[in-house]
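Novice: One structure is given below, represented as structure tokens, and several questions about it will come after.
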Amino acid sequence: MIIGEQKPLEEIKGLIGDAENVLVMGCGTCVTVCFAGGEREALTLATSLRMSTKLDGDAKEISEATVQRQCEWEYLDQVSSEVEGADAVVSLACGVGVQAIAEKFPDSWVVPGLNTSFMGIPVEQGVWEERCAACGECVLGITAGICPIARCSKSLLNGPCGGSEDGHCEVDHETPCAWQLIHDRLIHLDRLDVLMNPQPPKNWKASRDGGPRRIVRDDLRRAAEQE
Ligand code: SF4
Ligand code: SF4
């Protein structure tokens, strides 16, 4: 899932600026699960903004709404009157949700209430770790299901850098060395042989380095045309 963290209240207030009528909008999917931008967080932020702007002597009208997913038009349709009636929308979705609102409502001012951090998993209560960097050409099939792009500090593809110490990364001693994890798991599975084939240079064009990406599924497009 996508993991995010709420921005500091003062930063959000700065982004709202002079807007009098503000809608705080939660998202019911990833950011709900990571406790950053769901219904509960939208209610809490709305309350904090109400109190804080009142204490500042600049009380604002703050309302809140949460949709199942801010990144799909059909869910945004459900809140079009609230969005269009607000001077500013604070989106607690990831950056995709913020941009979906900007695209869907060209006359509305939308600002992010979160910093979108990464794609990852909860590893224990209150701790999330990155697991995928959306590189566009997945190599998990030859790395025992452990991502060297997202989890090796140098995104190395053909084994460790040599700085690994006691199973930890030389860049951050709190972080497990991804290549130690890959090596240990391959031994456990008796598949160390997969490391005998050196990987060619990675095609980074499939990643962010190739510019904004797009996936087109002609089968789905054709099916939609026939409906
Ligand atoms: S190899 Fe690429 S697509 Fe696969 S998990 Fe890692 S970053 Fe994600
Ligand atoms: S120590 Fe391990 S995780 Fe850190 S950069 Fe080197 S190979 Fe990558």
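The values are calculated or read from the model by the stated rules, or taken from the named source; none is laboratory data. As the structure is a computational prediction, the values presented were derived from the model and not from experiment. Quick reminder, even Gly has a Cβ in these numbers, built from the backbone with ideal geometry, and neighbours come from all protein chains shown.
Novice: Given the conditions (1) more than 16 Å from ligand 2 (Cβ to nearest atom); (2) crowded, with 17+ Cβ neighbours inside 10 Å; (3) not aromatic (Phe, Trp, Tyr), report the number of the one that Cys135 does not fulfil.
Specialist: (1)
Novice: Any idea which of Gly120, Gly136, Gly167, Gly141 is touching a Lys or Arg at 6+ places or on another chain (Cβ under 6 Å) and either near ligand 1 (Cβ under 10 Å from one of its atoms) or at pLDDT 95 or above (or both)?
Specialist: Of the residues listed, the single one that is touching a Lys or Arg at 6+ places or on another chain (Cβ under 6 Å) and either near ligand 1 (Cβ under 10 Å from one of its atoms) or at pLDDT 95 or above (or both) is Gly120.
Novice: How many residues does segment 170-196 hold that are within 16 Å of ligand 1 (Cβ to nearest atom), over 18 Å from Ala133 (Cα atoms) and not aliphatic (A, V, I, L, M)?
Specialist: Summing the residues that are within 16 Å of ligand 1 (Cβ to nearest atom), over 18 Å from Ala133 (Cα atoms) and not aliphatic (A, V, I, L, M) in segment 170-196 gives 1.
Novice: In segment 1-15, which residues are surrounded by fewer than 17 Cβ atoms within 10 Å (Cβ to Cβ), assigned to a helix (DSSP H, G or I), in contact (Cβ under 8 Å) with a residue 24 or more places away in the chain and not hydrophobic (A, V, I, L, M, F, W, C)?
Specialist: Once the filter is applied, which keeps residues that are surrounded by fewer than 17 Cβ atoms within 10 Å (Cβ to Cβ), assigned to a helix (DSSP H, G or I), in contact (Cβ under 8 Å) with a residue 24 or more places away in the chain and not hydrophobic (A, V, I, L, M, F, W, C), segment 1-15 yields nothing.
Novice: Quick one: would you say Cys147 is outside the structural domain of Leu49 (by TED's automatic domain parsing) and either under 30 Å from Cys27 (Cα atoms) or touching a Pro at 6+ places or on another chain (Cβ under 7 Å) (or both)?
Specialist: yes
Novice: Okay, next question. Condition first: out of contact with any Phe, Trp or Tyr (no Cβ under 7 Å at 6 or more places or on another chain), at pLDDT 95 or above and surrounded by fewer than 10 Cβ atoms within 10 Å (Cβ to Cβ). Can you find one or more residues in segment 175-191 that meet it?
Specialist: yes
This table checks each residue for (1) touching a Leu at 6+ places or on another chain (Cβ under 7 Å); (2) in a loop (DSSP other than H, G, I, E, B).
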position: Glu137; (1), (2): no, yes
position: Glu170; (1), (2): no, yes
position: Glu174; (1), (2): no, yes
position: Asp190; (1), (2): no, yes
position: Leu195; (1), (2): yes, no
position: Glu225; (1), (2): no, no
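Novice: Okay, moving on. With away from ligand 1 (no atom under 15 Å from the Cβ) and either under 18 Å from Val123 (Cα atoms) or surrounded by 14 or more Cβ atoms within 10 Å (Cβ to Cβ) (or both) as the only criterion, which of Pro148, Pro160 stands out?
Specialist: None of the others qualify; the one that does is Pro160.
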